[in-house]
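Engineer: Here you go, one structure.
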């Protein structure tokens, strides 16, 4: 179990040492929040849907955690390229522990960024319906982070070059984000699109954040937490299997 802790701590230290990365990683979410939150706000209000800033803030939090956790898999490619991954794999510890340590490290970094973007949202004018529900919202932040950090590690286990990883991430991450309802309501969608959004794990993560922060649920707590837990188990299991097959 110490191997899990060491790798978790390594990922955390690597993130905290890069102050530029911390600032830059908040740029895109802040742009979405300000440009869309205030730009579409009047249109959203005229449609009788309330404050768009209140609606989009949980979605921006989910987006931040998604991108940060998935792209934590890129670190594996760097480690593979510079030989650190080989040194890690020959260590006398089960590879499952190594995979869990890396995944939990990436998830923790994503959660930290979720906290930071929540502060940005509060500065922009977002207000939770009940402040006491904020810790409850971070249950969903943690679930989103674990699901997509495990997905990033899974993909990083089978991709050997940065170009291939970027192509797969762009093919997966952008549809996952845009179909999650982070930027628009999921009501009144065509049947086919509605089915796809229900299968998107981020849809349930964003729905959980909205439910906890502003009291608006679409799928419900049980379905949201159940699907996220199931996907976390699937990705962790798949990632552990693929990681164990990496050749030294």
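Engineer: What FRET efficiency, computed as 1/(1 + (r/R0)^6) with R0 = 25 Å and r the Cβ-Cβ distance, is obtained for residue 124 and residue 178, rounded to the nearest 0.05?
Structural biologist: Calculated transfer efficiency: 0.70.
Engineer: If you don't mind, there's one more thing I want to ask. Relative to the present Cα-Cα distance, how much length would full extension add between residue 35 and residue 223 at 0.36 nm per residue of separation?
Structural biologist: Numbers: separation 188, 0.36 × 188 = 67.68 nm, distance 3.17 nm.
Stretched fully, the residue 35-residue 223 segment lengthens by 64.5 nm.
Engineer: Using a simple spin-label model with points 7 Å from Cα along the Cα→Cβ vector, what separation in nm is obtained for residue 245 and residue 163?
Structural biologist: 2.4 nm
Engineer: Going by average Cβ density within 10 Å per residue, which order do the peptides 191-199, 166-174, 30-38, 69-77 take, highest to lowest? Spell out each step's value before the answer.
Structural biologist: Values: 191-199: 12.1, 166-174: 14.0, 30-38: 17.1, 69-77: 23.6.
Descending mean neighbour count gives 69-77, 30-38, 166-174, 191-199.
Engineer: Would you calculate the separation in nanometres between label points at residue 187 and residue 51, each defined as 7 Å from the Cα along the Cα-to-beta-carbon direction?
Structural biologist: Between residue 187 and residue 51, the label points sit 1.9 nm apart.
Engineer: Using only alpha carbons, build the gyration tensor for region 25-184 and give me the equivalent ellipsoid semi-axes, biggest first, whole Å.
Structural biologist: 34, 17, 11
Engineer: Under the 0.36 nm per residue contour assumption, what length would be gained going from the current alpha-carbon distance of residue 132 and residue 230 to full extension?
Structural biologist: Taking 0.36 nm per residue and subtracting the Cα distance, the gain is 32.6 nm.
Read-outs: derived from the displayed coordinates by stated rules, not from any lab. Just so it is clear, the structure is predicted and the values come from calculations on it, not from any experiment. Note: ideal-geometry Cβ built from the backbone for every residue, glycine included; neighbour counts use all protein chains shown.
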